[in-house]
Amino acid sequence: MISPYRSSTVALLYLLLCCSTLGIQQTSQAVELRGDLSLEGFLFLSDPAWKGQEDQSASIAANIEFYHDFQNNLSFTLEGFYRQDSQDKERSHGDLRLAEFLYYNNNLEITAGFGRIFWGATEFVHLVDIINQTDQVDALDGEEKFGQPMVHVSVPGDWGVVEAFALPWFRERSFPGVEGRFRTPLPVDTDNAQYESSSEEHHLDLAFRYATTLASADIGLYFFQGTARDPVLLLNLDSPQSPTLYPYYQQINQSGLDLQLAAGEWLLKGEAYYRTGQSRSYAATTFGFEYTFTGIAESMMDLGLIGEYVFDDRDNGWLPTVYENDIMGGLRLAVNDMADSTLLLGVIRDLDSGSTIIALESSRRLGENIRLNLDASFFIDMDYSDPAYAMAKDDFIKLEMVWYW
Amino acid sequence: MISFSISNRSLLSATLCWLLLISSPLAVQAETAEEKGLAIAVEAHLRDEGFGDYTSDMTMTLRNKQGKESKRAIRGKTLEVADDGDKSLSIFDTPRDVKGTAFLSFSHKVGDDEQWLYLPALKRVKRINSRNKSGSFMGSEFAYEDIASQEVEKYNYKHLREEELGGLLCYVSESYPVDKKNSGYTRRITWLDKEEYRIQKVEYYDRKKSLLKTLTVSGYQQYLGKHWRADDMKMVNHQTGKSTSLHWENYQFNTGLTEVDFNSTSLKRIR
């Protein structure tokens, strides 16, 4: 999935920099190498909906991070990822999550290479986050992202920070294969992606962002012009025996807003965007609150209450979404023990169809360097009209053990 | 944080400073216990004024009732801000699963502090509500309000007595949080040595007015010929039997930190 050409450019630049600094500084070049190795097992609680899927799967994944500080405010970070999945060929995949040079001084910061940017405020749905493509097959919550080739300039000041992004190469979204769970009824043929732009994945996407803090609020505003990260899935009937879907990536303009605000004991969060370019123009928003009780039940435990709502005004015939008019509630328990145990219970309910997703995430440390994660999701009363109906039979329990080195 | 500026060094507002200067010669006989308590807190603060900035490396050791230990390595950076509370940044190096997590805090003399958490896995900056000050800092016996910059204005004071502690003659004063609603304490009793105004011991009383925790401070060293910083602190929770020890190394003053080292752009490139 990684273009050898792009990665080798980054590698060449890195070697050049290493050589050029070698003569100047024989010592004190800080180098760090670390990573993690994880084992993961899925147990599905219902028989699969589609042929080829199985009741369980296992995978092994590794992250390696290499960091080189050239001194003089210049550094290079490389983060590679690979997963081998027992069941889904599409889930066995690797990526350059980061391969980034960073230079900064008091007036600006420049990064070049494969980078990762997060924009957003809310807990359940990440609506406005657009720079990086979602590695959909790796994590169902959409929080795993592909490294995005970019040149990124930030200019911070007392008034906030202005950022400009040039994104010269588009990364396609990953989708589960025929044998993977959480897939659409017809599999998505990612080898057959189509683009609106004649430059296809080489279209130069641009983004600009301004972010600032006003009183107790963090506000971000951005404009993005380029390839939509979320494709439309279209039907391919070339071989009528085995129809497939293929992703179609359109050109869009999107203006977005994100907001985090401390108001008394409450944290208020909101995101919104307005998009043109796909079918008719539309807007989407999500907002909500978080309230934390500290030291509950005369213990060290903190209990956070989260309430959020998402509304999406898109043309549902053309661009289906799971989150069109949904309400979300969450309980977040931080035990504050040595093992840093946490428990998150979330419920998402579609107000129109009544489809409900219950998600449980729990985590604790074992010893100093191992973390154990136990997650479960249940899809309840899934309505046929809801795009999430495809997952109606995918109730699962997932156990993951991650060793950090 | 983690200035761990438990050494009371918020900047005093000019007005308050003048009031004290004017009133102190007149108030020799008439000084109330409250005035004396405040004057001691102000003096402790003034003695540390002008430190500019510093960095340090800290090891935090959590210990449960059975004596089982778990360690965290945290680097701290602190910037003194004229006429307001300090800015501070804490970066976690271990446990490895939270490596690179950073806690940024802007303390304010009046009103709520501002706090953010940087989560490196998502490259996400999350605002935290600073009113959750009674919550545990990273599973330790230190609450957020214990590690926050101890601005003079955040407490009311009352001098109790003088007494010897560990060979040092100390001022013993009570302090009461101004933000009663969100603090986990009804009062604190603080032992400050008369010679150098350094915190030697603090007792914390919970909302039910029972003794909750005791902090003891040791290994003070002086930097730049003026600023005292402790090498060790130990917080014991009397109600649970758990404790947290903090050990500092490698204090560096005048490192050239400025405001730009404490903004969201620099937070995202923290290592």
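Post the alpha-carbon centroid distance, the stretch A:54-89 to the stretch A:124-153, in whole angstrom.
Value for the Cα centre distance between the two parts: 15 Å.
How many nm separate the modelled label positions at A:Tyr291 and B:Gln252, each set 7 Å beyond the Cα in the direction of the Cβ?
Going by the 7 Å Cα→Cβ label model, 4.6 nm.
Using alpha carbon centroids, what distance separates the stretch B:237-269 and the stretch A:218-281, in Å?
When both Cα centres are located, 39 Å separates them.
If I take every Cα pair under 8 Å that is 6 or more residues apart in chain B, average their sequence separation and divide by the length, what percent do I get for the relative contact order? Kindly include the intermediate steps, with their values, before the conclusion.
Details: 634 pairs, mean separation 58.1, N = 271.
Rounded, it is 21 percent for chain B.
Across peptide B:256-267, how many C-beta atoms of other chains are within 10 Å of each residue C-beta, on average?
On the way: counts 0, 0, 1, 3, 7, 1, 0, 7, 9, 11, 5, 0.
Neighbouring Cβ atoms belonging to other protein chains average 4 per residue here.
In nm, what is the difference between 0.36 nm times the number of residues separating A:Ile358 and A:Tyr82 and their Cα-Cα distance? Present the calculation step by step, with values, prior to reporting the outcome.
On the way: separation 276, 0.36 × 276 = 99.36 nm, distance 2.89 nm.
Using 0.36 nm per residue and subtracting the Cα-Cα distance, I get 96.5 nm.
Where nothing but the Cβ of Lys and Arg (+1) and of Asp and Glu (-1) is charged, how large is the charge dipole of the protein assembly as shown around its Cα centre, in debye to the nearest 20? Kindly include the intermediate steps, with their values, before the conclusion.
Values: 67 positive and 98 negative charges, 327 e Å.
Magnitude of the dipole: close to 1580 debye.
Within 10 Å of each Cβ of A:110-120, how many other protein chain Cβ atoms are there on average?
Details: counts 0, 2, 0, 0, 0, 1, 5, 3, 7, 2, 3.
Going residue by residue through A:110-120 and averaging, the value is 2.
Take peptides B:42-48, A:196-202, A:213-219 and line them up by average Cβ neighbours within 10 Å, highest first, as a rough protection proxy.
Working: B:42-48: 19.1, A:196-202: 12.9, A:213-219: 15.6.
Ranked from most to least packed, the peptides come out as B:42-48, A:213-219, A:196-202.
Only four residue types carry charge here, +1 at the Cβ of Lys and Arg and -1 at the Cβ of Asp and Glu. Report the dipole size of the stretch A:4-404 about the Cα centre in Debye, rounded to the nearest 20. Each step should come with its number before you reach the end.
On the way: 26 positive and 60 negative charges, 160 e Å.
Charge dipole, the stretch A:4-404, about its Cα centre: 760 debye, nearest 20.
Lysine pairs in chain A with alpha-carbon atoms under 28 Å apart, 8 or more places apart or on different chains: how many are there?
Step by step, the pairs that qualify in chain A add up to 9.
Could you please put B:Trp116, A:Trp318 in sequence from largest to smallest accessible area, using a 1.4 Å probe?
Details: B:Trp116 15, A:Trp318 85 Å².
Output order, biggest surface exposure first: A:Trp318, B:Trp116.
Could you pull the accessible area for B:His238 with a 1.4 Å probe, rounded to 10 Å²?
Using a 1.4 Å probe on the heavy atoms, I get roughly 90 Å².
Between 0 and 90 degrees, rounded to the nearest ten: what's the tilt of helix B:14-26 against the longest Cα principal axis of chain B?
That works out to roughly 30 degrees.
Ratio to report: Rg/Rh of the stretch A:4-404, with Cα atoms as the point set and Rh obtained by the Kirkwood method; give two decimals.
On the way: Rg = 22.2 Å, Rh = 23.1 Å.
Looking at the stretch A:4-404, the ratio lands at 0.96.
How large is the dipole of the stretch B:14-268 about the Cα centre if only Lys and Arg carry +1 and Asp and Glu carry -1, each at its Cβ, rounded to the nearest 20 debye? Intermediate values should be presented prior to the final figure.
Values: 38 positive and 38 negative charges, 301 e Å.
For this selection, approximately 1440 debye.
In the stretch A:4-404, with Lys and Arg counted as +1 and Asp and Glu as -1 at Cβ, which of these residues, A:Leu127, A:Phe146, A:Leu33, has the Cα nearest the positive end of the dipole, that is, farthest along it?
A:Leu33
Give B:Lys180/B:Lys234; B:Lys126/B:Lys180; B:Lys36/B:Lys154 a once-over and call out the pairs whose C-alpha atoms are over 19 Å from each other. Write out the running numbers ahead of the final one.
Numbers: B:Lys180/B:Lys234 25 Å; B:Lys126/B:Lys180 26 Å; B:Lys36/B:Lys154 16 Å.
Among B:Lys180/B:Lys234; B:Lys126/B:Lys180; B:Lys36/B:Lys154, the Cα-Cα distance tops 19 Å for B:Lys180/B:Lys234; B:Lys126/B:Lys180.
Counting only the heavy atoms of the protein chains, how much of A:Val402 is accessible to a 1.4 Å probe, in Å² to the nearest 10?
10 Å²
Considering Cα pairs under 8 angstrom that are at least six residues apart, work out the relative contact order of chain A and quote it in whole percent.
Values: 1036 pairs, mean separation 48.5, N = 405.
Dividing the mean separation by the residue count of chain A yields 12 percent.
Have a look at A:Gln87, A:Gly295, A:Ser355 and report the one farthest towards the positive end of the charge dipole of the stretch A:4-404, computed about the Cα centre with Cβ charges (Lys/Arg +1, Asp/Glu -1).
A:Gln87
Taking beta carbons within 10 Å but only from partner chains, what does the mean come to for residues A:325-338?
Values: counts 0, 0, 0, 0, 0, 0, 0, 0, 0, 4, 2, 8, 6, 11.
Average neighbour count from other chains, rounded to a whole number: 2.
7 Å from Cα along Cα→Cβ at both B:Glu164 and A:Met401: what's the point-to-point distance in nm?
Taking the simple label geometry, B:Glu164 and A:Met401 are separated by 5.8 nm.
Across the Cα atoms of the stretch B:14-268, what radius of gyration and what greatest pairwise Cα-Cα distance (Dmax) are found, in Å?
18.4, 60
Mind telling me which of B:Glu35, B:Glu174, B:Glu151 comes out most flexible in a GNM of chain B, alpha-carbon contacts under 10 Å?
B:Glu35
Going 7 Å from the Cα of A:Tyr248 toward and past its Cβ, which residues in the stretch A:178-213 have a backbone nitrogen under 16 Å from where you end up?
Output list for this probe position: A:188-190, A:192-198, A:200.
Percent relative contact order of the stretch A:65-203, based on C-alpha pairs within less than 8 angstrom and at least six residues apart?
On the way: 272 pairs, mean separation 26.3, N = 139.
Relative contact order for the stretch A:65-203 comes out at 19 percent.
Apply 1/(1 + (r/R0)^6) to the Cβ-Cβ distance of A:Asp158 and A:Gln241, taking R0 = 56 Å, and write down the FRET efficiency to the nearest 0.05.
Numbers: r = 64 Å, r/R0 = 1.15.
Between A:Asp158 and A:Gln241 the formula returns 0.30.
Starting from one equal scatterer on each C-alpha and no solvent at all, send me the Debye-based log10 I(q)/I(0) for the stretch B:84-231 at q = 0.16 Å⁻¹, two decimals.
Computed log10 I(q)/I(0) values: -1.02.
The values are calculated or read from the model by the stated rules, or taken from the named source; none is laboratory data. If you're wondering where the values come from, they're calculated on a predicted model, not measured in any experiment. Positions of Cβ are generated from backbone atoms using ideal geometry, with glycine treated the same way; all protein chains shown enter the neighbour counts. These accessible areas exclude ligands, DNA and RNA; they are computed on the full protein's heavy atoms, side chains included. Shrake-Rupley method; radii C 1.70, N 1.55, O 1.52, S 1.80 Å.
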